[in-house]
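The structure follows.
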Amino acid sequence: MFMFDSIVLDVVRLGVLVLAIWAFVDALVRPAASFVAAGKLTKPGWMAITAIAALLLYLRGPMDILGLPAVIAAVVYLVDVRPAVRGLHRGNNSW
């Protein structure tokens with residue numbers, strides 16, 4: 001039984017770490033002007049938040065007192081900021 005619990009915890013830990021890294025990489029590749037145009041926090045702000053979240057999840061895991069806010073920060077970026085920033089078009093590109 002102990003092995004099953006530790007496997008589940010490892011899967012959860014890896015999953016939320018991948019989620020936070022995905023949020024950071026996505027913030028990294030989006031243009032800075034899109035964040036301002038969408039009315040969200042600036043690109044450096046979201047990069048810092050998601051980087052700190054990923055670092056906390058890597059070092060301490062999601063079951064720590066700082067782990068839950070880190071997971072929430074990554075989820076907020078992915079479900080609120082990312083769609084707003086992604087929905088904006090770059091320049092005059094018709095694609």
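The values are calculated or read from the model by the stated rules, or taken from the named source; none is laboratory data. Keep in mind it's a predicted model, so treat the numbers as computed, not measured. Heads up, the Cβs are rebuilt from the backbone with ideal geometry, glycines too, and the neighbour counts pull from every protein chain shown.
Please enumerate the residues belonging to the stretch 42-53 that are surrounded by 15 or more Cβ atoms within 10 Å (Cβ to Cβ) and among the aliphatic types (A, V, I, L, M).
Result: Met47, Ile49, Ala51, Ile52, Ala53.
Could you list, in sequence order, the residues of the stretch 54-91 that are loosely packed, with under 14 Cβ neighbours inside 10 Å, β-branched (Val, Ile, Thr) and farther than 16 Å from Arg30 by Cβ?
Ile65, Ile72
Say whether the condition of being among the small types (Gly, Ala, Ser) and in contact (Cβ under 8 Å) with a residue 12 or more places away in the chain is met by at least one residue in the stretch 56-65.
Looking for residues that are among the small types (Gly, Ala, Ser) and in contact (Cβ under 8 Å) with a residue 12 or more places away in the chain, one finds at least one in the stretch 56-65, hence yes.
Okay, moving on. Could you go through the stretch 60-73 and let me know if any residue there is closer than 13 Å to Gly15 by Cα and of a type in the set (Val, Ile, Thr).
yes
Pick from the stretch 16-68 the residues that are of a type in the set (Gly, Ala, Ser) and farther than 24 Å from Val85 by Cα: which of them is modelled with the highest pLDDT?
Step by step, filter the stretch 16-68, then rank; the result is Gly67.
So which residues in the stretch 40-59 are of a type in the set (Gly, Ala, Ser) and closer than 21 Å to Gly15 by Cβ, if there are any at all?
Ala51, Ala53, Ala54
Can I ask one more? Would you confirm whether any residue within the stretch 5-18 is basic (Lys, Arg) and in contact with a helix residue (DSSP H, G or I) (Cβ under 7 Å, 6 or more places away or on another chain)?
no
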